[in-house]
Structure formats: structure tokens, C-alpha cells
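What follows is one structure encoded as C-alpha cells, with my remarks underneath.
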């Protein structure tokens, strides 16, 4: 069955180009030009993934991401024309699965769509759990808890944490974690890992100055270790 992609942008040319490239790869594409229209499309039938421009009329992409994540657990890739990292970091914090800055290569966008769908629909290891001190990562249910309290991680955050927790003490570079998070190493996006790690620590109640679980290895990357 073909996967459905909802492309939401008020720039007709961008919608036309992305639609052509996605359809060429076998995707079914639905479109909307503003926030309310996007909500109506998702309520009519939930797609497999949404590509949302950040600056949309009516309801912006950040608010749509929050809504779609909460109500439908819908994978989202945010798109923006802004050159700074503010939108990127905010987007990752609210649960976006990935981020693309304009101008972009349509082929790169297609690759990112495929990577996010692979992560969202990949096989699960039912019944298996990782335990690091009071941190429990249930791979089957894709849930995380610390001291019995559930931590509400996004898909990307879960994948990063689970990968590091599977090999306690092993140091992962940002590029390695980026490949885990996106399925590829898209140049220039390594620093998004810092935003994901910041979110993970916050949700685990980990003090970045004296972390219990997610440790920084300066000049290299990150690792997960049990508290002493």
C-alpha cells in the first residue's frame, strides 16, 4: 500500500515540486495551504506523515505539530525559511521528527520522509526492556520511566536514548546519533542532537551539570551510564 504524505505550505511552487518528487517515489500526496485546512485534512483521514511549513496562515507549523502529535501520534517534518536555529530547536522540543531549512533539495526531503517513516514503522522488540539503574526503557511498548514515573519522549528521543542505553558506557558521536535519529548523516545537522539530548535530560529529570544517565563526553559526543 502506498504511503500518504500531507504537504502543507502556502507557496504553490514548493507544493508542486514536492508533490512531483514524492509521487515519483510512489507516495500518495495530499496538500493544504494553511493551518485550518491541514487540520481538516488530518481529521478526514490521518496520513502516514506530514510536511509542515513553520510559517503557515491560520495555525502555524509549531502548533500543528503539537496538535498532531498529541491527537494522532503523526510523524512530522517541519520546513522553514528562517536561517537561524530558533525554529529548529522549538520544533524539536514540541515533537517534530525532523527538520528541513529552505532552500532545500527535494531529493533530500524525500530521503528524510523515507527515513522518518522507517523509524516510525520499524520492527519492535516485543517484551524486551533495558534497565539502567532506575531508568527502564521498554522497547516493545516504546515507553520510558524513571523511578516509576513515565517520561514522555518523542520517537526520535526514544530512538537516541534506547541506542545509547543498549551499550552502557559506549560513547556515541553526534554523527552516529544523527544516523540513528534520521537514518542518514545529513551534513550540517549534527547540532540538532544537542537539542534532542537536552530534551531527553529534561524529561528524565537529569541535571546536565551532574547527570545521572546521559553524560557528555566533551569533544566527542554522549553516552549513557548507570548512576554510581
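Coordinate-derived values only; no laboratory data. As the structure is a prediction and not an experimental result, all values here were calculated from the model. Cβ placement follows ideal geometry from the backbone for every residue including glycine, while neighbour counts extend to all protein chains displayed.
How do the peptides 192-200, 217-225, 107-115 rank, highest first, by the average count of neighbouring beta carbon atoms within 10 Å per residue?
Ranked from most to least packed, the peptides come out as 192-200, 107-115, 217-225.
Helix 106-121 versus the longest principal axis of the chain: what is the Cα-based angle in degrees, 0 to 90, to the nearest 10?
50 degrees
Only helical DSSP H runs with n ≥ 4 go in: add -39500 (n - 2.57) per run for the chain, normalise by residue count and round the 222 nm mean residue ellipticity to 500 deg cm²/dmol.
-12500 deg cm²/dmol
Sticking to Cα atoms, compute the Rg of the range 4-121 to one decimal and its Dmax as the biggest Cα-Cα distance, whole number, in Å.
Final numbers for Rg and Dmax: 12.6, 34 Å.
Relative contact order (percent) for the chain, with alpha-carbon contacts under 8 angstrom and 6 or more residues of separation?
13 percent
Stretched out fully, how many nm does the piece from residue 20 to residue 218 gain, at 0.36 nm a residue minus the Cα gap?
Gain on stretching residue 20 to residue 218: 66.9 nm.
Relative to the longest principal axis of the chain, what angle (0 to 90°, nearest 10) does the C-alpha long axis of helix 155-165 take?
30 degrees
Roughly how many nanometres apart are two label points built 7 Å out from the Cα toward the Cβ at residue 28 and residue 167?
Placing both labels 7 Å beyond Cα along the Cβ direction yields 4.0 nm.
Using a Förster distance of 45 Å, how high is the FRET efficiency between residue 209 and residue 107, based on the Cβ-Cβ distance and rounded to 0.05?
About 0.60, to the nearest 0.05.
With everything on Cα atoms, drop me the angle between helix 12-24 and the longest principal axis of the chain, reported from 0 to 90° to the nearest 10.
For 12-24 against the chain, the angle is about 70 degrees.
How do the peptides 67-75, 173-181 rank, highest first, by the average count of neighbouring beta carbon atoms within 10 Å per residue?
173-181, 67-75
For a bin width of 10 Å, list the pair-distance distribution of the chain built from all Cα-Cα distances, rounded to whole %.
8, 33, 34, 19, 6, 0
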